[in-house]
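Below is one structure, written out as structure tokens; comments come after it.
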Amino acid sequence: MPDGGQAVLDVRDLVTVFRTRGGEVHAVNSVSFHLQSGELLGVVGESGSGKSVTMMSLIGLLPSPPADVRSGEVWLGGRDILKISPAALRDLRGDKVGFVFQDPMTSLNPVFTIGNQIMEPLIRHMCLSKAKARVRAAELLELVGIPDAASRLSAYPHQFSGGMRQRVMIAIALACDPDVLIADEPTTALDVTIQAQILELIKELRAKLGMSIIWITHDLGVIAGIADRVMVMYAGQVVEQGPVKALFASPQHPYTRALLKTIPAITGPREERLQVIEGQPPILVATPVACSFRARCPHAFDRCHAENPVRRAVDGLPVGRGHDVACHWTAEAAHA
Amino acid sequence: MLDAPSQALVQVRDLKMYFPIYSGILRRHTGDVKAVDGVSFDIMAGETLGLVGESGCGKSTVGRALLRLYDPTAGSVTIDGDDIAKLAPEALRLKRPTMQMVFQDPQASLNPRMPLSDIIGEPLIEHTNWNAERRLERIYELMDAVGLNRRFANRFPYEFSGGQRQRIGIARALALNPKFIVCDEPIAALDVSIQAQVVNLLEDLQDRLGLTYLFISHDLSMVRHIADRVAVMYLGRIAELSPRDALYSRPLHPYAEALLSAVPEPDPNRESSRSRIILKGDVPSPANPPKGCNFSTRCPRVFDRCRVEKPDLVQVEPGRLVACHLYAATTNPAGSTGRPGATTQAKAEHNQQGVSV
């Protein structure tokens, strides 16, 4: 690993472009971040902000064409995994990197049993015999809180509820004890009481296994409850990044501030009128040359229309290590 | 309906909506999915009633049965003086302008082959004899009301974003000056920053046009913002119906309590200190609900009576109706024996509500 000691994953200047008939779509524009060992990094953003595409680019899950991971480095286990062969990447997926998808209804194969699907990575990556894989699969099901695990292995996905299917997905992702677990909106398709169960499970599993997790969501409430660090994405770029408490206590980017204000509170005083972010997110037809948020930003000034802001530190720590923001506007400038 | 308070625009009494299950080679009727199983509530004129619950609890079915998009199995739905559940087809058609719906998925509820002006204008063709010029005038008026640029009148749905499509759906619902609108998860398919725009629009329109809403949603924090009173549904029945502030500050039904405690808050400090009620297991199938209280299989405070007897929705505090045996001691004895008692109490409560809201 080049630097940063205990970072399990280090992503630098990742650029992903989709080639479509209507021209290019610049979905991920120079995204850099890292994941420390044992930490949970929350990635928030609206649909189309590039949060899922970023994570799928990392491990080559995007079909190419139309997707094209144009540049960048992704360091995992001492290798730049953007440069390794497809076969080596296949060995990596499901082994070193686990993935939990949003929709547990469609991400499990309906014609194979639950047991079969949990055993698959165990046999493929850990070269276990079928009998041993079955024992391990039952352990995993138990770990994710499915009662009577051994007998449920022969059940099919349709016999499970949404929450249980998501538990199965987590069991599959954990099967080979991955270095990094990427969870892409794992609770979005679930009801709140079931979401609370899954969040509780993740907290337990983290305490037990000390996993490093990237958690993608659009729900700031979920992030506030489980993340150590948060990365806010807008229009394919990281606009703000920092420790969860610092970021929620003093959001720096106008987009983060607005986002936190548009959500009505469930406790405390009730707001008479909701704050809105006027307008729409931009369509990403080219590499941004100016700030992507300028059209919706209440603080936009000349520089925002001329120059795309780079991330700068807020708290004196190096960018990426502490709290940083990609914005020209500063509170000091506004007060001056 | 005889002694109904004058302020109630919508009165629902013991509404049941069963979907039959046919099975076997002979497709015999072997059971029912009890999507809505005896629901009663009133909506006052000018009020927003929030209807919350998890997926499959029957909240959308209530909304659809109210406007008779489904034929209810039993019960009555009185909207503005007429029992919708029993109206003849032509009478129902003439009644439609009073009651409209905004659907969840703005993509699927707009005809992709119709331009915006036709989508908004269709109810006018159906229910008025206006000429094209007058209709276009009304279409422009509606587009202004929901914040759509008049130049978009000839565009097709695919040319609009999700938030704009929802505005089209709202304009269509407003076309005939309805009194009552069922909003079925109108913001669920939208991004957070767009949700607030649509909710503000709905509130502005309510203030201006005196609309009455049934706001169906699973987003409890948004319901707290928009609703005056909130009904919490669980497995086809109402667990609690309370004024908004009372419900959110002190939920009475154990399910309402668990549901509210499960909502994550965007505040790391409060999140880490919060105690959360984690419900075990999943919602039972509505085809085979538990014998006693529907919530008895997951309730953290369950006791013997809950497993044998279904609790009725009765008033336990002024303005607050709860269906739970825990509060049996404080209720009127008539409440536990049957619905008539409960209904009278409900009416008394609504009178108070009507005055205070």
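What follows is calculated from the coordinates using simple rules that are stated; it is not laboratory data. Remember, it's a predicted structure, so these values are computed and weren't measured experimentally. Glycine gets a Cβ as well: all are built from the backbone with ideal geometry, and neighbour counts include every protein chain shown.
Given 37 °C and 0.692 mPa s, compute D for the range B:1-137 with the Stokes-Einstein relation, Rh being the Kirkwood radius over Cα pairs; round to the nearest whole µm²/s.
188 µm²/s
Where both residues lie in chain A, what percent of DSSP beta bridges are antiparallel, nearest 5?
60 percent
What Kirkwood hydrodynamic radius, in Å, does chain A give when the mean of 1/r is taken over all pairs of distinct Cα atoms and then inverted?
When all Cα pairs of chain A are included, the Kirkwood radius is 21.2 Å.
Averaged across orientations, what area in nm² does the convex hull of the alpha carbons in the range B:232-289 project?
4.9 nm²
Within 10 Å of each Cβ in peptide A:265-273, how many partner chain Cβ atoms are there on average? Round it to a whole number, please.
So the per-residue partner count for this stretch is 6.
Could you give the angle, 0 to 90 degrees to the nearest 10, between helix A:130-143's Cα long axis and the longest principal axis of the Cα atoms of chain A?
Roughly 50 degrees between the two axes.
Over 22 Å apart: what share of the alpha carbon pairs of the range B:139-296 falls there, rounded to a whole percent?
Summing the P(r) of the range B:139-296 above 22 Å gives 54 percent of all pairs.
How many times 2.2 N^0.38 Å is the alpha carbon radius of gyration of the range B:43-120?
1.26
Please state, to two decimals, what the Cα-based radius of gyration of the range A:211-307 comes to when divided by 2.2 N^0.38 Å (N = residues).
1.19
What percent do you get for the relative contact order of chain B when only Cα pairs under 8 Å and 6+ apart count?
19 percent
How large is log10 I(q)/I(0) at q = 0.15, 0.27, 0.28 Å⁻¹ when the Debye formula is applied to the Cα atoms of the range A:198-262, each weighted equally and without solvent?
Calculated log10 I(q)/I(0) at the listed q: -0.50, -1.27, -1.34.
Connecting C-alpha atoms closer than 10 Å in a GNM of chain B, tell me which of B:R244, B:R28, B:R151 has the biggest fluctuation.
Between B:R244, B:R28, B:R151, it is B:R28 that shows the largest mean-square fluctuation.
Just the C-alpha atoms of the range A:262-336: what Rg/Rh do they give, with Rh taken as the Kirkwood radius?
Using only Cα positions, Rg/Rh for the range A:262-336 is 1.04.
Work out, step by step, the length gained on full extension between A:E278 and A:S32: first 0.36 nm times the residue separation, then minus their alpha carbon distance; give nm to one decimal.
85.7 nm
Please state the equivalent ellipsoid semi-axes for the protein assembly as shown: what are the square roots of 5 times the Cα gyration tensor eigenvalues, largest first, in whole Å?
After scaling each eigenvalue by five and taking roots: 44, 33, 24 Å.
Let's test this: bin the Cα-Cα distances of the range A:1-99 at 5 Å from zero up to the farthest pair and state each bin's percent.
Whole-percent P(r) values from 0 Å outward: 3, 12, 23, 25, 21, 11, 4, 1, 0.
Please work out how much length the chain gains when fully extended from B:N288 to B:R150, using 0.36 nm per residue of separation minus the C-alpha to C-alpha distance, in nm with one decimal.
44.5 nm
What angle, in degrees between 0 and 90 and rounded to the nearest 10, separates the Cα long axis of helix A:192-209 from the longest principal axis of the Cα atoms of chain A?
80 degrees
Sort B:H225, B:H253, B:H127 so the one with the fewest other Cβ atoms within 10 Å of its own Cβ comes first.
B:H127, B:H225, B:H253
Can you give me the C-alpha center-to-center distance between the range A:146-196 and the range B:5-29, rounded to a whole angstrom?
34 Å
DSSP beta bridges in the protein assembly as shown, what fraction antiparallel, as a percent rounded to 5?
60 percent
When a/c is below 1.5 the answer is rounded, else prolate if a/b is larger than b/c, else oblate, so apply that to the range B:159-246 with a ≥ b ≥ c taken from the square roots of the Cα gyration tensor eigenvalues.
It comes out prolate by the Cα gyration axes.
What number, in percent, do you get for the relative contact order of the range A:126-230 if the mean sequence gap of Cα pairs under 8 Å and at least 6 apart is divided by its residue count?
Result for the range A:126-230 is 24 percent.
Based solely on its DSSP helices, what 222 nm [θ] is calculated for chain A when runs of n ≥ 4 H residues each add -39,500 (n - 2.57) and the sum is averaged over all residues, nearest 500 deg cm²/dmol?
-9000 deg cm²/dmol
Given chain B, what percent of its DSSP beta bridges are antiparallel, to the nearest 5?
For chain B, the DSSP antiparallel bridge percentage is about 65.
Using Cα pairs closer than 8 Å and at least 6 residues apart in sequence, work out the relative contact order for the range A:1-77, in percent.
Answer for the range A:1-77 is 46 percent.
Give me the number: length gained by fully extending A:F112 to A:K83, i.e. 0.36 nm times residue separation minus the C-alpha to C-alpha distance, one decimal in nm.
7.1 nm is the gain from fully extending A:F112 to A:K83.
Which of A:Q252, A:Q117, A:Q159 moves the most in a Gaussian network model of chain A with Cα springs under 10 Å?
Result for chain A, Cα springs under 10 Å: A:Q159 fluctuates most.
Using only the alpha-carbon atoms, what does chain B span along each of its principal axes? Please give whole angstrom values in decreasing order.
Over chain B, Cα extents along the principal axes are 67, 54, 54 Å.
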